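To start, the structure itself, in structure tokens.
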Amino acid sequence: MSADIHPGTTSGTTNNYRDVRLDATYQYLGTGRHVFTLNSSLIRETQNLGASLAAGLDCPLMTARGMNMLKSKTTTLRYIWMITCLAATGLTPVARAADATAGAKSYDAHCARCHSLANPLKNKKGPGLFGVSGRAAGSAPGYRKYSEAMKTANLTWTPDKLDAYVTNSRAMLPGTTMKFKGISEPKERADLVEFLSKQK
């Protein structure tokens, strides 16, 4: 969004400005790949808007005071500014690619106690995770403690399946015996999956 959408006047307001209508789509493609599409169009609106909003994307609007400066009868303008500010400050998914370095820290915190990344493959309490991405579930060589659910799951550990499993293993695969509370934060999961995908 450019500043000239809201031309300021010497009196500090502008009338009959054109609001922005936003259509946004977001798709997660796995392994840190995101598609975030914004389509906007101008629509006429008769309101007053403080000239300070014409400064651009410094994002004072993300504060309570800034949001109160919006006087539109609809919430359209609130959303376009909020999403634009998020994009400008790098907080949208498109700007936050999965980070394998951060994923290594997540692995140490959540997985290392029971799983090994050793190559050649080494099993601990749980199966070794070296080469897990692309491997059939329940097939780590030499591991004999798989649950029946895991042995008969008939699935391959793709990034999406790994993400679902570390979100809530028992919901994703009822009957699994892995005792893990799950990771609720999507970015942390994406980082972990990215890290595991590189272990090959």
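Read-outs: derived from the displayed coordinates by stated rules, not from any lab. Everything numeric here is computed off the predicted structure, so don't read it as measured data. Cβ atoms come from the backbone with ideal geometry, glycine included; neighbour counts cover every protein chain shown.
Please give the contour-minus-distance gain from Met178 to Ala118: 0.36 nm per residue of separation, less the Cα-Cα distance, rounded to one decimal in nm. Intermediate values should be presented prior to the final figure.
Values: separation 60, 0.36 × 60 = 21.60 nm, distance 2.00 nm.
Going from the current span to full extension adds 19.6 nm.
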If each residue's Cβ is checked for other Cβ atoms within 10 Å, how do Val193, Val166 rank with the fewest at the top?
-> Val166, Val193
For q = 0.14, 0.22, 0.24 Å⁻¹, what log10 I(q)/I(0) does region 100-197 give under the Debye formula with an equal point scatterer on each alpha carbon and no solvent?
-> -0.46, -1.28, -1.58
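Please sort by residue number the chymotrypsin sites (Phe, Trp or Tyr not before Pro) in region 121-200 whose DSSP state is loop and whose Cβ has at most 11 other Cβ atoms within 10 Å. It would help to have the intermediate numbers written out before the result.
Details: sites: Phe130, Tyr143, Tyr146, Trp157, Tyr165, Phe180, Phe195; in loops: Phe130, Tyr143, Tyr146, Trp157, Phe180.
Here no chymotrypsin sites (Phe, Trp or Tyr not before Pro) fit, given the DSSP loop and packing criteria.
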